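Participant: Please find one structure pasted underneath; my questions will follow.
The values are calculated or read from the model by the stated rules, or taken from the named source; none is laboratory data. What you see is a predicted model; the values in this text were computed from it and never measured. Quick reminder, even Gly has a Cβ in these numbers, built from the backbone with ideal geometry, and neighbours come from all protein chains shown. SASA here: full protein model, heavy atoms, side chains in, ligands and nucleic acids out. Shrake-Rupley method; radii C 1.70, N 1.55, O 1.52, S 1.80 Å.
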Amino acid sequence: MQKPQPPRWADRLLIWFCAPHLLEEVQGDLYERFQKNLRLFGEKTARWEYIKGVLSFIKPFALRRKKEVPHSLYIQIMISNYFKIAFRNLLKYKGYSFINIFGLASGMAVAILIGLWIYDELSYNKYYQNYDRIAKVMQGATINGEFGAGGAMPIPLGTMLKTDFSEDFNSIVMSSWTSEHILANGDKKFTKTGNYLSQEAPDMLTLKMLKGTRAGLKDQNSILLSESVAKTLFGYTDPMGQIVKIDNKLNVKVTGVYEDFPYNTEFRDMTFIAPWDLYVSSEPWIKPNAHWGNNSWQILAQIAPKADFETVSRKIKDLRLKNAPETAHMKPEILLQPMSRWHLYGGWDKFRNPEGRIQYVWLFGIIGVFVLLLACINFMNLSTARSEKRAKEVGIRKAVGSVRLQLIAQFFSESLLVVAFAFMLSLLLVLLMLPFFNEVADKKLTLLWNEPVFWLMGLGFSLFTGLIAGSYPAIYLSSFQPVKVLKGTFKAGRFAALPRKVLVVVQFTVSVTLIIGTIIVFRQIQHAKNRPIGYDRNGIITVAMNTPELHGQYNVLRSELKSTGAVVEMSTSSTPTTQLGARLVGFDWPGKDPGFKEQLGVMAVTHDFGKTVGWQFTQGRDFSRNFSTDSSGIVLNETAIKYMGLKDPVGQIIKWNNNPFRILGVIKDMVMDSPFEPVYQTVFILNYNWTHVINIKLNPELSANESLAKVESVFKKFNPGSPFDYKFTDQQYAMKFSTEDRIGKLATFFAILAILISCLGLFGLASFVAEQRIKEIGIRKVLGATVFSLWRLLSTEFVLFVLVSLLLAVPISYYFMNSWLQKYTYHIEISWWIFALSGLGTIFITLLTVSYQAIKAALMNPVKTLKSE
């Protein structure tokens, strides 16, 4: 049997009060007396005498304790005591502790996810060491009072910038458009995205070379491969010096392998780089079009160390206007767009205001703050709601000498302990949610375990959250007067619950605003998806004509495909139906105002394009092989007719660069660009030489797999050196909604979490209210109250909170969502039923949350609740 010991708390008093150099001697003397009394009088008397001995000894040291005890030891004991009490309180009230910890963890997890997302957005393109000095050369123009800008540039501009402005630029890089090409090595053939760039590009983009050097593009017949493509083509064989064939026509030698670009970079899809000179020499159409009037390429620029973007932009602003005076009516200007603005400020609107993804950074940042605020409100509400339970504790502490600052420290320690547990749980939640979050947000985010900044921010963030969440409870609870508390006359006061009510209203205002916003976002997406698009996109696939084998084979290829029975119709076009490429000038028509600055979209098609996509004529007819004059015929969409102001357009002559074209027909508008914007005025011309995309309408009576297998066999016959790569038009069209879809899904995710956190707090408050009014409920039951009337009694107050929240949330959400919708020309009108549905849904969720506690309290036996009376 264990030998009895003196009480430990008495030893703590000695540590607290006694001088350190006397502590050992005093404890030894008292311990001997304890052993003697234990033998003579038993354990009870021995312990009591030990306590009296401790009290008598510490008396002369009591007034000098802070001077005698080392300050560090004093602080250590005090903090230890605070956290022990805090931990015991967490264990004592397990339900409330779970609500606080899980609620805070959810809010912190959302804040961490959003923080990682914002960090990724703000660090976009910072992989490149020359990030602060790289720019895209852009071209802006004002047409009929509306500003527009794009990155399509003429070749002579790049030459002029390199020769005439060498003091302002370190390097100028000519670039084709990043697109899909076929890379082949022996029997291995893959479709990869890449680019043709000037030889200065590797240095400008600071490629991290794994093999070879950045000078690898100096040889015209060379290629640089990304690490992933090199492994795909050559496996574990050394790729250096190996031969790769591009698009079945260009043999190039591998002169370098570079590290794959990170996902959050502009050139993440650029998996190979070939020389610009090779591109110019291999495409016969480029040299004849290398003049100021043809904008078909891109230019990247790196400014000199002492230069700045604004100054250089002013110098080069009028270069296009001076060298192409025929464009004076558009007031063209050359602009430099710094790499730091490519992602978050992708361009300018028609009023020259910068626009881009920065709005989403602000949006999600605000959402993260508010979701975390909801979690903090839960903590404040539950802590203050249970204040009466801890009133006596506060009163006793104050009576024995605790000052208010010590009590505040005690409650802050409880808050920080809760936050510490919540932070650890939030990291686990983030790990669980990251795969889903990455998929929805189109990111590759990871927790930055090895980054000291992440941990410093995490700890600072937790400390800040703990102080914010614990501030109100600490100040409120420490203000109780001990005389009233200990006499039993303490009452929380008439307005004591008012802060809790206000905070609950704030919670549900935020939650309802998120719900309304989510509904509006999804309605806007659905509105655009249901928009008539003017053609049938179902069952159509597109195949890029990357290789020479597919050019000049139109009629034979079409005949072979249709003979398989898997293809209804086939045609070619300059771009897919989901993309309108060229926007050109130089058009003239009867009745045109001489001062009107026109611009029309132009798409080259073949005879069977209309049959393939199923476009719908409102006037006139389609292109026909029966009329040789159709080679100078055109088809316009309805918007183009309105744009030109033509009446009875069929048969009228339109001139383009002084060449006459007869209008054959008018089709319903085809949605080719953004489904949220008006259809662009478009002209369809018959030209087999400008087409680069094959459009195939599959037989709907056969399965897609069966049809594709037959189509592939035909392509293998005509183009054996290339893989059969295709894209479904309906899938390409669906990608136009990707940004809005992501916003909607993320908003839904955050709205669900906001409601969950709010309901957790509501559940805790309902539990507390039911516990507080348990005797009242018992008396009402004895007097004949029904379960329904008691449920209504306990639920009414919370429903009122939600109604007040609705009154606040409706105008707030309307203002912000209406502003968001205005950036889309084609958008919904906000209907009253959205607010009604959101309100009813929130009330239902509230009643569902509160009802459990209310019904549980109403069903309790009044004999048990009133027996103490």
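Participant: Give the residues of the range 736-791 that are over 23 Å from Val504 (Cβ atoms) and of a type in the set (Gly, Ala, Ser), sorted by residue number.
Facilitator: Of everything in the range 736-791, those that are over 23 Å from Val504 (Cβ atoms) and of a type in the set (Gly, Ala, Ser) turn out to be Ser738, Gly744, Gly778, Gly784, Ala785, Ser789.
Participant: Inside the range 680-777, counting only helices (runs of 4 or more DSSP H) that do not spill past its ends, which hold 2 or more residues that are of a type in the set (Ser, Thr, Tyr) and either in contact with a strand residue (DSSP E or B) (Cβ under 6 Å, 6 or more places away or on another chain) or on the phi > 0 side of the Ramachandran plot (or both)?
Facilitator: none
Participant: OK, next. Residue check: is Pro649 loosely packed, with under 13 Cβ neighbours inside 10 Å and in contact with a strand residue (DSSP E or B) (Cβ under 8 Å, 6 or more places away or on another chain)?
Facilitator: The answer is no for Pro649.
Participant: Same structure again: Can you tell me which residues in the range 202-251 are open to solvent by less than 10 Å² (accessible area, probe 1.4 Å) and assigned to a strand (DSSP E or B)?
Facilitator: Ser222, Ile223, Leu224, Leu225, Ser226, Val244, Ile246
Participant: Out of all the residues in the range 99-136, which are within 20 Å of Asn438 (Cβ to Cβ) and assigned to a loop (DSSP other than H, G, I, E, B)?
Facilitator: Across the range 99-136, the qualifying residues are Ser123, Tyr124, Asn125, Lys126, Tyr127.
Participant: How many of the residues making up the range 764-795 are open to solvent by 70 Å² or more (accessible area, probe 1.4 Å) and either of a type outside the set (D, E, K, R) or touching a Phe, Trp or Tyr at 6+ places or on another chain (Cβ under 8 Å) (or both)?
Facilitator: 6
Participant: Of all residues being hydrophobic (A, V, I, L, M, F, W, C) and within 25 Å of the chain's Cα centre (by Cα) in the range 823-851, which is surrounded by the most Cβ atoms within 10 Å (Cβ to Cβ)? Just the residue, please.
Facilitator: Ile834
Participant: List the pairs whose first member sits in the range 155-181 and is of a type in the set (Phe, Trp, Tyr), whose second member is assigned to a helix (DSSP H, G or I) and modelled with pLDDT of 90 or more, and whose Cβ atoms are under 8 Å apart, counting only residues at least 6 apart or on separate chains?
Facilitator: So the pair list comes out as Phe165/Val312; Phe165/Lys315; Phe165/Ile316; Phe169/Leu161; Phe169/Lys162; Phe169/Val312.
Participant: Follow-up question, since we're still on this one. Does the range 423-439 contain at least one residue that is over 23 Å from the mean Cα position of the chain (by Cα), of a type in the set (S, T, N, Q) and either modelled with pLDDT of 80 or more or not in a helix (DSSP H, G or I) (or both)?
Facilitator: No - not one qualifying residue is present in the range 423-439.
Participant: Please tell me if Leu373 is within 32 Å of the chain's Cα centre (by Cα), at pLDDT 75 or above and of a type outside the set (Phe, Trp, Tyr).
Facilitator: In short, yes.
Participant: Residues that are touching a residue at least 24 places away in the same chain (Cβ under 8 Å), among the β-branched types (Val, Ile, Thr) and open to solvent by 30 Å² or more (accessible area, probe 1.4 Å): does the range 718-738 have at least one?
Facilitator: Within the range 718-738, not a single residue is touching a residue at least 24 places away in the same chain (Cβ under 8 Å), among the β-branched types (Val, Ile, Thr) and open to solvent by 30 Å² or more (accessible area, probe 1.4 Å).
Participant: Let me spell it out: the conditions are (1) out of contact with any Phe, Trp or Tyr (no Cβ under 9 Å at 6 or more places or on another chain); (2) crowded, with 18+ Cβ neighbours inside 10 Å, and Ser574 meets all of them except one. Which number is the exception?
Facilitator: Just one mismatch for Ser574, condition (1).
Participant: Now for a different question. Taking only pairs six or more apart or across chains, which ones have beta-carbon atoms under 7 Å, a first residue in the range 541-564 that is in contact (Cβ under 8 Å) with a residue 60 or more places away in the chain and under 21 Å from Lys189 (Cβ atoms), and a second residue that is in a strand (DSSP E or B) and of a type in the set (Lys, Arg)?
Facilitator: Ile541/Lys727; Thr542/Lys727
Participant: While we're on this one: Every residue in the range 287-323 that is surrounded by 15 or more Cβ atoms within 10 Å (Cβ to Cβ) and without any contact (Cβ under 8 Å) to a residue 40 or more places away in the chain, please.
Facilitator: If the condition is that a residue be surrounded by 15 or more Cβ atoms within 10 Å (Cβ to Cβ) and without any contact (Cβ under 8 Å) to a residue 40 or more places away in the chain, then Ser313, Lys317, Leu321 are the ones that fit.
Participant: OK, next. Is it fair to say Lys592 is in a loop (DSSP other than H, G, I, E, B) and closer than 18 Å to Asn659 by Cβ?
Facilitator: yes
Participant: Something else about it: Quick check: anything in the range 284-298 in a strand (DSSP E or B) and either at pLDDT below 90 or closer than 23 Å to Pro154 by Cα (or both)?
Facilitator: yes
Participant: Mind checking which residues of the range 111-158 are out of contact with any Ser or Thr (no Cβ under 9 Å at 6 or more places or on another chain), open to solvent by less than 30 Å² (accessible area, probe 1.4 Å) and within 30 Å of Asn378 (Cβ to Cβ)?
Facilitator: Leu113, Ile114, Trp117, Asp120, Glu121
Participant: Please count how many residues of the range 602-641 are within 39 Å of the chain's Cα centre (by Cα) and either modelled with pLDDT under 90 or charged (D, E, K, R) (or both).
Facilitator: Number satisfying all stated conditions: 1.
Participant: State which residue is farthest from Trp342 (Cα to Cα) when the search covers only the range 137-175 and only residues that are among the acidic types (Asp, Glu) and outside any strand (DSSP E or B).
Facilitator: Asp164
Participant: Within the range 711-737, which residues are within 25 Å of the chain's Cα centre (by Cα) and under 26 Å from Met545 (Cβ atoms)?
Facilitator: Once the filter is applied, which keeps residues that are within 25 Å of the chain's Cα centre (by Cα) and under 26 Å from Met545 (Cβ atoms), the range 711-737 yields Asp730, Gln731, Gln732, Tyr733, Ala734, Met735, Lys736.
Participant: For the range 653-679, give me each residue that is touching a residue at least 40 places away in the same chain (Cβ under 8 Å), over 16 Å from Arg621 (Cα atoms) and part of a strand (DSSP E or B).
Facilitator: Across the range 653-679, the qualifying residues are Ile654, Lys655, Trp656.
Participant: Whether any residue in the range 588-596 is in contact with a Gly (Cβ under 7 Å, 6 or more places away or on another chain) and either under 30 Å from Gly645 (Cβ atoms) or among the small types (Gly, Ala, Ser) (or both) is what I want to check.
Facilitator: Taking every residue of the range 588-596 in turn, at least one turns out to be in contact with a Gly (Cβ under 7 Å, 6 or more places away or on another chain) and either under 30 Å from Gly645 (Cβ atoms) or among the small types (Gly, Ala, Ser) (or both).
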